[in-house]
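Single-structure report; data block below.
The values are calculated or read from the model by the stated rules, or taken from the named source; none is laboratory data. It should be emphasised that the depicted structure is a prediction, and the values quoted were computed from it without experimental measurement. Because the Cβ atoms are built from the backbone with ideal geometry, glycine has one as well, and the counts that use them run over all protein chains shown.
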């Protein structure tokens, strides 16, 4: 017990050791990670030269291009269709609400890979579409885009709806009292405010789409994963080409993360 | 009927079988200030929301100026208005909400200019001049470029009043405009409302501020259980009510002035 606070400032203060746990945990992690990298790196079964040879090879670069195109078209299709679905879900028309709910229920429930294979094999169900043979219309790329886009729309619809719900209802009431229609209030009041809520979830979804495109390799969609598979199908360097693909996916996801941060900063203005 | 008058006949509204308004009649002359008082749940707020058709009426008629709201009389029949027609009729009534309901992504100035520019399609430069003058009148000239989140509750409510006034309404409806405010901010909002009343604005004010009703209102209406129990000159109703229910309510409010306000707030949120 201290009787007085006088003179305390003359005593030396011994600081508590704060970071002992950090150093300890850090050391263990570095050791484990180092060991993992080392064993993989020195493994005689892994051809580093193969990775170097294929990382920037034309087929791989083409695959990266297809992956990016697929990702952005999927996002575009998903956003437009998802916004329509979210608006339907919000509307006061029970038919529209039921239709949107049914769509979301179905396309969230069917695995993406099932859909991709389905669209690819649409010819089995409808041999012709209009005048053209189905197999000429539904290219692997289009099948991939349909499967990914329709699937993604269901998820984005729910994300967008969540964004709408985050805008207080009273603001719509206020917009109506200054003579706006519901549609005008949605455009001028609800949409701009919901974007800020939607963006973080959207960034996450973008990354999921980016990686989800690899599923189109099951129909030879021509994306990064398809190309990697085609190459290791010939030279049997499975691990090396998976690492090539992994490297590219990580690069793309990293760039997407930076882009997301910029977008969020822009929206928060 | 000349500009600025409001007539209500037999307004009925129930929610899920629970009657909230059970036939409300009310006449408001041009330039008249009517304060509606009554216990929580007596239907006061619903009344205002029905007057400007934010809620669909179950029965009854609303007339503002010489316009019937919600129906178009044609060929000896009443045709239910389209959304656009309701929106146009609503322009005649400004509304101020308990929770302010400012558009939170827009500055105070943009909150005020949105309606005149988007709905009335007036010249933006002229509207902005007028909006700045309106903000000056409610004492917020210096805060024109702030977002709602940067303003106090009292300031937000004054912006909301300016936003409603910018549409040049014939009637202003106030739904417990000071109930969500800290006690020290109530005065500044009431002062603005006093100013409007002095300039001859037709006003219907749902309020718990008995003092304000006594000072400013021409007529006080006491509502309970979905009907108008008593209405008459403010001084007479507040000092010498003819109904026992009015007397009981006034006695209760005088004994627990804050409690009544708090109660109303909790009901809303």
(request) Could you figure out which of (1) away from every other protein chain (no Cβ under 14 Å); (2) on the phi > 0 side of the Ramachandran plot; (3) surrounded by 19 or more Cβ atoms within 10 Å (Cβ to Cβ) isn't true of residue A:130? (result) (3)
(message) Suppose we filter region A:229-243 for residues that are within 21 Å of the chain's Cα centre (by Cα) and either over 23 Å from residue A:51 (Cβ atoms) or crowded, with 22+ Cβ neighbours inside 10 Å (or both); how many remain?
(response) 0
(message) Tell me the residue from A:163, A:179 that is on the phi > 0 side of the Ramachandran plot and crowded, with 20+ Cβ neighbours inside 10 Å, please.
(response) A:179
(request) Working carefully through the options A:97, A:30, A:80, A:37, find the one that is within 29 Å of residue A:253 (Cα to Cα) and surrounded by 12 or more Cβ atoms within 10 Å (Cβ to Cβ). (result) A:80
(request) Kindly indicate whether residue A:100 is within 20 Å of residue A:163 (Cβ to Cβ), modelled with pLDDT of 95 or more and out of contact with any strand residue (DSSP E or B) (no Cβ under 9 Å at 6 or more places or on another chain). (result) yes
(message) Just the residues that are surrounded by 12 or more Cβ atoms within 10 Å (Cβ to Cβ) and within 18 Å of residue A:226 (Cα to Cα), please, taken from region A:247-268.
(response) A:247, A:248, A:249, A:252
(message) When the residues of region A:185-201 are narrowed to those that are surrounded by fewer than 22 Cβ atoms within 10 Å (Cβ to Cβ) and within 20 Å of residue A:255 (Cα to Cα), which ends up farthest from the other protein chains (Cβ to nearest Cβ)?
(response) A:201
(request) For region B:161-182, state whether one or more residues are touching a strand residue (DSSP E or B) at 6+ places or on another chain (Cβ under 9 Å), at positive phi and not in a helix (DSSP H, G or I). (result) yes
(request) Pull up region B:114-126, narrow it to residues that are surrounded by fewer than 22 Cβ atoms within 10 Å (Cβ to Cβ) and in contact (Cβ under 8 Å) with a residue 24 or more places away in the chain, then point me to the one that is nearest to residue A:193 (Cα to Cα). (result) B:119
(request) May I ask you to list the residues in region A:171-184 that are within 7 Å of another protein chain (Cβ to nearest Cβ) and more than 33 Å from the chain's Cα centre (by Cα)? (result) A:173, A:174, A:176, A:177, A:178, A:179, A:180, A:181
(request) Mind telling me which of the residues B:109, B:102 ends up being out of contact with any strand residue (DSSP E or B) (no Cβ under 8 Å at 6 or more places or on another chain), at the interface with chain A (Cβ under 9 Å from one of its Cβ atoms) and modelled with pLDDT of 95 or more? (result) B:102
(request) Identify, by number, the condition in (1) out of contact with any helix residue (DSSP H, G or I) (no Cβ under 6 Å at 6 or more places or on another chain); (2) surrounded by 21 or more Cβ atoms within 10 Å (Cβ to Cβ); (3) more than 18 Å from residue B:174 (Cβ to Cβ) that residue B:103 doesn't meet. (result) (1)
(message) Regarding region A:144-163, can at least one residue be identified that is over 28 Å from residue B:95 (Cα atoms), away from every other protein chain (no Cβ under 14 Å) and free of Cβ contacts under 8 Å to residues at least 24 places away in the same chain?
(response) no
(message) Can you say whether residue B:169 is buried (at least 23 other Cβ atoms within 10 Å of the Cβ), within 19 Å of residue A:177 (Cα to Cα), more than 12 Å from every other protein chain (Cβ to nearest Cβ) and in contact (Cβ under 8 Å) with a residue 40 or more places away in the chain, as far as the supplied structure shows?
(response) no
(request) Would you check which residues across region A:232-244 are without any contact (Cβ under 8 Å) to a residue 60 or more places away in the chain and in a helix (DSSP H, G or I) and list them? (result) A:232, A:233, A:234, A:238, A:242
(message) Any residue at all in region A:254-262 that's assigned by TED's automatic domain parsing to the domain that holds residue A:57 and under 28 Å from residue A:49 (Cα atoms)?
(response) yes
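Condition check ((1) under 25 Å from residue A:169 (Cβ atoms); (2) buried (at least 20 other Cβ atoms within 10 Å of the Cβ); (3) modelled with pLDDT of 90 or more) across all residues:
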| residue | (1), (2), (3) |
| --- | --- |
| B:200 | no, no, yes |
| B:213 | no, yes, yes |
| B:218 | no, no, yes |
| B:229 | no, no, yes |
| B:235 | no, no, yes |
| B:245 | no, no, yes |
| B:250 | no, no, yes |
| B:259 | no, no, no |
| B:262 | yes, no, no |
(request) Select from region B:65-97 the residues that are at the interface with chain A (Cβ under 9 Å from one of its Cβ atoms) and part of a loop (DSSP other than H, G, I, E, B) and list them in ascending order. (result) B:91, B:97
(request) Considering each residue of region B:37-61, count those that are in contact with a strand residue (DSSP E or B) (Cβ under 7 Å, 6 or more places away or on another chain), within 15 Å of residue B:13 (Cβ to Cβ) and away from every other protein chain (no Cβ under 14 Å), and give that number. (result) 9
(request) Output the residues belonging to region B:65-82 that are surrounded by 12 or more Cβ atoms within 10 Å (Cβ to Cβ) and under 23 Å from the mean Cα position of the chain (by Cα). (result) B:65, B:67, B:68, B:69, B:70, B:71, B:81
(request) Sort out which residues of region B:180-198 are over 15 Å from residue B:218 (Cα atoms) and buried (at least 24 other Cβ atoms within 10 Å of the Cβ), and write them in order of number. (result) B:189
